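**Student:** Structure provided below as structure tokens; questions to follow.
Every number in this text was worked out from the coordinates using simple rules, so none of it is lab data. A quick note: this is a predicted structure, and the numbers were derived from the prediction, not measured. Backbone-built Cβ (ideal geometry, glycine too); neighbour counts: all protein chains shown.
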Amino acid sequence: MSLLVQPVTVIRARRNQTVEHQPDLVAVEEPLEIRLGFGSLSHRQQHALAVTMRTPGHDFELALGFLFSEMIIRSLQEVQSIRYCRDGHNQPTENIVRIELKPEVAYDPLRLQRNFYTTSSCGVCGKAALEAIVLNTRPCTAVVQVDQHQVLALPERLRMAQTVFQHTGGLHAIGMFAADGTLQLVREDVGRHNAMDKVLGAALQQQLPLAEALVLLSGRASFELVQKAAVAGVPIVAAIGAPSSLAVATANAMGITLIGFLRQQSFNVYTHPQRIA
């Protein structure tokens, strides 16, 4: 917990015009730089991939999931090593992660830059973003069903597993469930995209079957999260909140069952309802 939350003192103002000084906890937010080593053994190169603001913890999972969801790697077998970089005193600095690809793995930095442009969900490039994911990813054809009653029980199971959120109220969570409703993974982060990448990276490391999974988002369903699920081959995406129009279009095109407004008593199915029994 010490790495994930930070104590602060707040002034709490109340309707009766009284104020109180009270201790509180806030979620920690720090930058993480992801660096990539690639190329032949005789000509290794380094590329600074990205800097993301994240909640510290599960950094290797975050980096692996990022590479996976951006289609830089297709499996864990393409990764040679992953480690924290070292500072001038030869000590690990936990804000820079370096992933070494195996020499035979091809990597094109220019392709990644183009992909970042088309997946920025900026409105103008929304159509290009959807076309890019359809062209580069096969639609999901997984034959898996989840019982309606199991779906309704998922929000409470995710909430009970959100340990840091209970202390700060300031983190997004992604839960990965099996078809029988068993919670397999949960990750929290200040960034919903980081939480998703942490789940995907952990699933790769633990060799969990993504093609049989349901992922539950603690907030809304955005295009970016549905895109990551599509790349990973996840067949069912559920959200506590609303989906965006591009999220619905992407789920429909990629064969993903998309659920929104998931509550204890009801939910909406926007695409491919055949996976809900």
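**Student:** What net charge is computed for the residues neighbouring Gly57, neighbours being all others with C-beta under 11 Å from the C-beta of Gly57, Lys and Arg scored +1, Asp and Glu -1? Don't skip to the answer; put the middle values down first.
**Tutor:** Details: positive: Arg54, Arg187, Lys198; negative: Glu30, Asp59, Glu61, Glu94, Glu188, Asp189.
Summing Lys and Arg as +1 and Asp and Glu as -1 gives -3.
**Student:** Against the globular-protein guess of 2.2 N^0.38 Å, express the Cα radius of gyration of the chain as a ratio, rounded to two decimals. Walk me through the intermediate numbers first.
**Tutor:** Values: Rg = 19.8 Å, N = 277, 2.2 N^0.38 = 18.6 Å.
Scaled against compact globular proteins, the figure is 1.06.
**Student:** Here's something else I'd like to know. What size of dipole, in debye to the nearest 20, comes out for the chain about its Cα centre when the only charges are +1 on Lys and Arg C-beta atoms and -1 on Asp and Glu C-beta atoms? Spell out each step's value before the answer.
**Tutor:** Numbers: 24 positive and 23 negative charges, 82 e Å.
Value, rounded to 20: 400 debye.
**Student:** Report the gain in length on full extension from Asp108 to Arg74: 0.36 nm times residue separation, minus Cα-Cα distance, nm rounded to one decimal. Let's see the in-between values first.
**Tutor:** Numbers: separation 34, 0.36 × 34 = 12.24 nm, distance 1.43 nm.
Contour length minus Cα-Cα distance gives 10.8 nm.
**Student:** Indicate the helices, whole DSSP H runs only, in the chain that combine a mean Kyte-Doolittle hydropathy of -0.5 or more with a Cα extent along their long axis of 20 angstrom or more. Can you show the working numbers first?
**Tutor:** Numbers: long enough: 148-161 (21 Å, -0.23); 192-206 (21 Å, -0.46).
Membrane-span-like by this criterion, though nothing is claimed about a membrane: 148-161, 192-206.
**Student:** Net charge within 12 Å of Asn194 by Cβ-Cβ distance, Lys/Arg positive one each and Asp/Glu negative one each, not counting Asn194 itself?
**Tutor:** Values: positive: Arg54, Arg187, Arg192, Lys198, Lys228; negative: Glu29, Glu30, Asp59, Glu61, Glu188, Asp189, Asp197, Glu224.
It works out to a net charge of -3.
**Student:** If you don't mind, another one. Please give the charge dipole size of the range 148-275, origin at the Cα centre, charges +1 on K and R Cβ atoms and -1 on D and E Cβ atoms. Round to the nearest 20 debye. Before the final figure, lay out each step's value.
**Tutor:** Values: 9 positive and 7 negative charges, 33 e Å.
Result for the range 148-275 is approximately 160 debye, rounded to the nearest 20.
**Student:** Counting DSSP beta bridges in the chain, what percent are antiparallel, to the nearest 5?
**Tutor:** On the way: 37 of 51 bridges.
Given both bridge residues lie in the chain, the antiparallel proportion sits at roughly 75 percent.
**Student:** For the range 148-275, what is the percent of antiparallel DSSP beta bridges, rounded to the nearest 5?
**Tutor:** Working: 13 of 21 bridges.
In the range 148-275, DSSP labels about 60 percent of beta bridges as antiparallel.
**Student:** Going highest first, how would you order 226-237, 196-207, 18-29, 50-61 by mean Cβ packing within 10 Å? Let's see the in-between values first.
**Tutor:** Numbers: 226-237: 25.8, 196-207: 23.2, 18-29: 12.6, 50-61: 18.5.
Descending packing order for the listed peptides: 226-237, 196-207, 50-61, 18-29.
**Student:** Does the range 148-275 come out rounded, prolate or oblate, given a ≥ b ≥ c as the square roots of the eigenvalues of its C-alpha gyration tensor, rounded meaning a/c under 1.5 and, failing that, prolate meaning a/b above b/c?
**Tutor:** Numbers: a/c = 1.31, a/b = 1.18, b/c = 1.10.
It is rounded, given that a/c, with a ≥ b ≥ c, falls under 1.5.
**Student:** Something else: Under a point-charge model restricted to the Cβ atoms of Lys and Arg (+1) and Asp and Glu (-1), what is the dipole moment magnitude of the range 40-107 relative to its Cα centre, in debye to the nearest 20? Numbers along the way, then the final one.
**Tutor:** Working: 7 positive and 8 negative charges, 24 e Å.
Dipole magnitude for the range 40-107 comes out near 120 debye.
**Student:** Efficiency by 1/(1 + (r/R0)^6): what FRET value for Ala48 and Thr18, r their Cβ-Cβ distance, R0 = 51 Å, to the nearest 0.05?
**Tutor:** Working: r = 50 Å, r/R0 = 0.99.
For Ala48 and Thr18, the calculated efficiency is 0.50.
**Student:** Answer with one residue from Leu217, Ala27, Ser40: the one whose Cα lies farthest towards the positive end of the charge dipole of the chain, charges on Cβ with Lys, Arg +1 and Asp, Glu -1.
**Tutor:** Looking along the dipole axis, the top candidate is Leu217.
**Student:** R0 = 22 Å: FRET efficiency of Gln264 with Glu212, Cβ-based, nearest 0.05? Each step should come with its number before you reach the end.
**Tutor:** On the way: r = 25 Å, r/R0 = 1.11.
Taking R0 as 22 Å, the efficiency between Gln264 and Glu212 is 0.35.
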